[in-house]
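Undergrad: Structure incoming, see below.
The values are calculated or read from the model by the stated rules, or taken from the named source; none is laboratory data. Source: prediction; values computed, not measured. Here the Cβ positions follow ideal geometry from the backbone for every residue, glycine too, while neighbour counts run over all protein chains shown.
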Amino acid sequence: MEVRAKKALGQHFLTDQSIARRIVASLSVASPVAAGGAPSVVATGTPPVIPGGAPSVVSDGSPSDPSGGSPAVILSGGEAGVEKSPVLEVGPGMGVLTQYLLQRQDIDLKAVEVDGESVDYLLTHFAGMQGKLLQADYLRLDMNRVFQGPYRVIGNFPYNISSQIFFKILEDKDRVPEVVCMIQKEVAERIAEKPGSKTYGILSVLLQAWYDIEYLFTVGPGAFAPPPKVQSAVIRLTRNGRTSLGCDEKLFKTVVKTAFNQRRKTLRNALKPLLAQRLEASAKSAIIPLHPQGTGERIPPHIAGDVPLQSAPGASDSQSALQSSPAAASPQSSPAAASPQSSPAAASPQSSPAAVFPPSFPAAASLPSFPAQTGNLQAEAAALLNLRAERLGVEDFVLLTRAIQTSSL
């Protein structure tokens, strides 16, 4: 039986068995996968991918119906009496990862595949997939139909929708403690990038707000059939335990996306649609409103060293007057600006109980939300407006969001 790699679905089937084992072993609490061992879960005939060889793949340009629809089979849980942790494989294709995932005794595997040919192939060659495979479009799938509680995600993500998959994961971030995936190398580097790089962008900020990102290893085109024209990479996302950002999360996403949509402009110009009314009101007032709860929060070193508050270009006269007053003294020179870790008052009032993960998937140490503003929120946020989006870290975007949310800009 042949499975055609369809361009419309962005399919490039992994054929390298050693890479497949490394990906599966990258899931935490992993049972080692024996190198060279044939999967014990193949039901009939020979394994679908023989170690050292390539699967039978025909590459064409014909599309497949990605509309989702009804499950191919009814989903069921793990074996009775065996504690298993839920894992979802996105886009199993011809099952090169699936064969090793089914060997693991510590997980309850489910898989979602939109391609009907791949679904037929998996059900024919893998007895272990009976009752575990859902034919649907993952991007449209209600994950509450698949798992009642937390679950992990693994897969060789289709490159043409990898960003959409990450946004989908973010929607369910409180139930997804870990993601191990193979994606285009360029996208992997962008996600793991730090502030200051030209590749740093929307996904970098939104994912790093909730996950620790690890770039694990690079995979060449020869590991796939058909081979892609780009390098690939495997990354791991581990939930950082943060339960709140301490600001409106919907507004936070809007600020980040708006800022990077015009990344060549300063934030003052890029965020103009969000700030226009507030900037106009602030310019007309000689008294700039301060954050109602606050007395100071430092600007991160990579920002403070480049744009001192007292010389921030474009600052209004009223801002300059404020910065020269005792009330606008640098938070770093004020006792009230002590490290949030050393001050009970720094705990965010918006923090919520930590997410509960399955016993065999220990939760990361719970992190507090970003510390409550304790200083001149308006002045610090105004300084950030003179920078471009790529210079700001997650904490800086949180500060800007708070300023907009509290009408402090």
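Undergrad: All but one of (1) over 22 Å from the mean Cα position of the chain (by Cα); (2) modelled with pLDDT of 55 or more; (3) part of a loop (DSSP other than H, G, I, E, B) hold for THR374, so report the exception by its number.
TA: (2)
Undergrad: Would a scan of the range 184-196 turn up a residue that is surrounded by fewer than 20 Cβ atoms within 10 Å (Cβ to Cβ) and among the β-branched types (Val, Ile, Thr)?
TA: No: the range 184-196 contains no residue that is surrounded by fewer than 20 Cβ atoms within 10 Å (Cβ to Cβ) and among the β-branched types (Val, Ile, Thr).
Undergrad: Given (1) in contact (Cβ under 8 Å) with a residue 40 or more places away in the chain; (2) within 20 Å of LEU216 (Cβ to Cβ), identify the lone condition not met by THR98.
TA: Evaluating THR98 over (1) in contact (Cβ under 8 Å) with a residue 40 or more places away in the chain; (2) within 20 Å of LEU216 (Cβ to Cβ) leaves (1) as the failure.
Undergrad: Continuing with the same structure: Go through the range 396-409 residue by residue and tally those that are surrounded by 19 or more Cβ atoms within 10 Å (Cβ to Cβ) and either acidic (Asp, Glu) or over 17 Å from LYS257 (Cα atoms) (or both).
TA: Of the residues in the range 396-409, the ones surrounded by 19 or more Cβ atoms within 10 Å (Cβ to Cβ) are 396-404, 406, 408-409.
Pick out the ones that are also either acidic (Asp, Glu) or over 17 Å from LYS257 (Cα atoms) (or both) and you get 396, 406, 408-409.
The qualifying residues number 4.
Undergrad: What number of residues within the range 259-280 are touching a helix residue (DSSP H, G or I) at 6+ places or on another chain (Cβ under 6 Å) and either among the small types (Gly, Ala, Ser) or under 19 Å from LYS168 (Cα atoms) (or both)?
TA: 2
Undergrad: Quick check on my filter: what residues within the range 169-204 are among the acidic types (Asp, Glu) and assigned to a helix (DSSP H, G or I)?
TA: Of all residues in the range 169-204, those among the acidic types (Asp, Glu) come to 171-172, 174, 178, 186, 189, 193.
Scanning the range 169-204 gives GLU171, ASP174, GLU186, GLU189.
Undergrad: Filter the range 197-228 down to the residues that are surrounded by fewer than 16 Cβ atoms within 10 Å (Cβ to Cβ), among the small types (Gly, Ala, Ser) and over 29 Å from VAL96 (Cα atoms) and list them by number.
TA: If the condition is that a residue be surrounded by fewer than 16 Cβ atoms within 10 Å (Cβ to Cβ), among the small types (Gly, Ala, Ser) and over 29 Å from VAL96 (Cα atoms), then SER197 is the only one that fits.
Undergrad: Could you please let me know if SER197 is of a type in the set (S, T, N, Q) and touching a strand residue (DSSP E or B) at 6+ places or on another chain (Cβ under 6 Å)?
TA: Values: of a type in the set (S, T, N, Q): yes; touching a strand residue (DSSP E or B) at 6+ places or on another chain (Cβ under 6 Å): no.
When the stated conditions are applied, SER197 does not pass them.
Undergrad: Another question, then. Kindly indicate whether GLY155 is over 23 Å from the mean Cα position of the chain (by Cα), closer than 27 Å to THR238 by Cβ and either at pLDDT 95 or above or surrounded by 23 or more Cβ atoms within 10 Å (Cβ to Cβ) (or both). Break it down stepwise before answering.
TA: Details: over 23 Å from the mean Cα position of the chain (by Cα): no; closer than 27 Å to THR238 by Cβ: yes; either at pLDDT 95 or above or surrounded by 23 or more Cβ atoms within 10 Å (Cβ to Cβ) (or both): yes.
For GLY155, the condition - over 23 Å from the mean Cα position of the chain (by Cα), closer than 27 Å to THR238 by Cβ and either at pLDDT 95 or above or surrounded by 23 or more Cβ atoms within 10 Å (Cβ to Cβ) (or both) - is not met.
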